[in-house]
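S.K.: Next up is a structure, given as structure tokens.
The values are calculated or read from the model by the stated rules, or taken from the named source; none is laboratory data. Bear in mind that the values here come from a model prediction, so they are computed numbers and not experimental data. Here the Cβ is made from the backbone with ideal geometry for all residues, glycine too, and neighbour counts use every protein chain on show. Note: accessible area is taken over every heavy atom of the protein model, side chains too, but ligands, DNA and RNA are not part of it. Shrake-Rupley method; radii C 1.70, N 1.55, O 1.52, S 1.80 Å.
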Amino acid sequence: MSCIRVGSVGIGGISRHVHLPGIERSPDLKLVAVCDIDPEALRYAQEKYGIDEAHCFTDYHDLINCPDVDAVDISTPNDVHYEVALAAAEAGKPYAVEKPIVMTGEQADHLAQVTKERGVKSMVCFSYRFKASARYAKDLIERGLIGDIYHVDMQYYQAWGLPMCNTPLVWRFEQKHTGSGALGDLGSHALDLVRFVTGKEYKRLISHTGTFVHEREKLDSSGMGKVDVDDFSNYFAEMDGGTAATFRITRFGFGRGNYQTMEIYGSRGAIQYELDHAAPDVDEIYVCMGEVGQESHTFTKLPLPDKFKVDQMQSFADIILGKADGKAATIEDGRVNQHLVDAVIRSGETGEWETL
């Protein structure tokens, strides 16, 4: 396959800022078709990427069935992920899907099963797996340089939910479209990133979730609508080997953009991964290792080797072409993650530990 012809479903924010630019950068991918129910989104794709009228669809079935489309890119609201990805899998076409992959663990199980049975190549867009600092941290841990892991502390803060931001009732605040709030939007990333970097599985967890702003203005200006998902999600987890992990997730982190910190403490060293600290979207890694580091309490910033610098959409192309590095999230990773999200929701409702 000399060039993989991609059809993209859902031309919203994540598509315009991540997926479509990534497809354009890749020498192995070519955007040939788009699908969205919003005419403005289709006009955007036509003007920005030169997609002709015949390849602008409002029904994703038409895009998937288009003979000019080799692979499907899915960036819709969460409640549409399952049906589009399932249709792509049943058509035998590789797909990349945003997270969380579906709305429930049952849907995730079925999608993973069909994808496997049909032998369809796929990727879940857990985008922080493609940060060089995260991959470097994973490498250091795999080499045993920090020893046994005792603690992981993961923080993911944004601020756009604050009352002063006047954010209306977009789909991310409605359970029927999103499944969960900050948890699915940010917390699913955090759960996957910790699992990816440490190589450990979750054993049990307990959570506390809540909502600060219960009503927001409807998009059609017809009044106020109910927010029925979480604004924040905090949870504790026990991982393999007794590793204790904490997570703090919110859309109410005043002054924050896309702020992440992951601290990992082991028997021989510690790692701190950062995103959005030095500058927007800049990732960094700091380490403290050995007796000198322990005695001086000094964390040293490491330069990022080129081998850890990768691109999300190019990784999708590599999967299709059979030359992937094995570090992108699979449909099985997405399935595991969905069950974790479900467990956090259940624990937030009952206040009880959830065994995984």
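S.K.: Report P(r) for segment 60-206: all Cα-Cα distances, bin width 10 Å, range 0 to the bin holding the largest distance, values in whole percent.
M.R.: P(r) for segment 60-206, in whole percents per bin: 10, 32, 32, 21, 5, 0.
S.K.: Picking from GLY253, GLY199, THR211, whose Cα lies most toward the positive end of the charge dipole for segment 193-281 (charges on Cβ: Lys, Arg +1; Asp, Glu -1)?
M.R.: GLY199
S.K.: Determine the relative contact order of segment 13-147: mean sequence separation of Cα pairs under 8 Å and six or more apart, normalised by residue count, in whole percent.
M.R.: 16
S.K.: Counting pairs of alpha carbon atoms under 8 Å apart in space and at least six apart in sequence, what relative contact order in percent does the chain give?
M.R.: Relative contact order comes out at 20 percent.
S.K.: Right, next: Could you give me D for segment 1-57, from Stokes-Einstein at 25 °C and 0.890 mPa s, where the hydrodynamic radius is the Kirkwood radius over C-alpha pairs? Units µm² s⁻¹, please.
M.R.: 218
S.K.: Once you've got the GNM for the chain with C-alpha springs shorter than 10 Å, pick whichever of VAL292, VAL97, VAL227 has the biggest mean-square fluctuation.
M.R.: VAL292
S.K.: Express the accessible area of segment 1-53 per residue in Å², computed with a 1.4 Å probe while the remaining protein chains stay in the model.
M.R.: So segment 1-53 comes to 50 Å² accessible per residue, rounded to a whole number.
S.K.: How far is the Cα center of segment 69-120 from the Cα center of segment 30-54, in Å?
M.R.: 21
S.K.: If you don't mind, another one. With a 1.4 Å probe and all protein chains left in place, how much of the accessible area of segment 282-342 comes from carbon and sulfur atoms, in whole percent?
M.R.: Answer for segment 282-342 is 54 percent, counting heavy atoms of protein chains only.
S.K.: Further question on the same structure: Hey, could you pull the Cα Rg and Dmax for segment 263-356, both in Å?
M.R.: Cα only, segment 263-356: 18.6, 49 Å (Rg, Dmax).
S.K.: Then there's this: Which cross-chain or sequence-distant (5 or more) residues have an amide H under 5 Å from the amide H of PHE126, H modelled 1.01 Å from N in plane?
M.R.: ALA329
S.K.: I've got another one for you. Report in % the part of the accessible area of segment 120-220 that belongs to carbon and sulfur, leaving out ligands and nucleic acids; probe 1.4 Å.
M.R.: For segment 120-220, the apolar C and S fraction of the accessible surface comes to 48 percent.
S.K.: Note down the Stokes-Einstein diffusion coefficient of segment 244-289 in µm²/s, whole number, using a Kirkwood radius over alpha carbon pairs, 4 °C, and 1.567 mPa s.
M.R.: 109
S.K.: Once you have the alpha carbon radius of gyration of the chain, what is it after dividing by 2.2 N^0.38 Å, with N set to its residue count?
M.R.: Rounded to two decimals, the normalised Rg is 1.00.
S.K.: Using +1 at the C-beta of Lys and Arg and -1 at the C-beta of Asp and Glu, which of VAL170, GLY187, MET154 has the Cα lying farthest in the positive direction of the dipole of segment 147-196?
M.R.: Of VAL170, GLY187, MET154, it is VAL170.
S.K.: Mean shadow of segment 39-146, computed from the convex hull of its alpha carbons, in nm²?
M.R.: For segment 39-146, averaging the hull's shadow over all directions gives 9.2 nm².
S.K.: Enter the Cα centre distance for the pair segment 175-234 and segment 297-324, rounded to the nearest angstrom.
M.R.: The distance from the Cα centre of segment 175-234 to that of segment 297-324 comes to 27 Å.
S.K.: Right, here's the next one. How big is the antiparallel share of DSSP beta bridges in the chain, given as a percent to the nearest 5?
M.R.: Percentage antiparallel, nearest 5: 65.
S.K.: Normalise the Debye intensity by I(0) for segment 267-319, one equal point scatterer per Cα, no solvent, then take log10 at q = 0.19 Å⁻¹ and round to two decimals.
M.R.: -0.78
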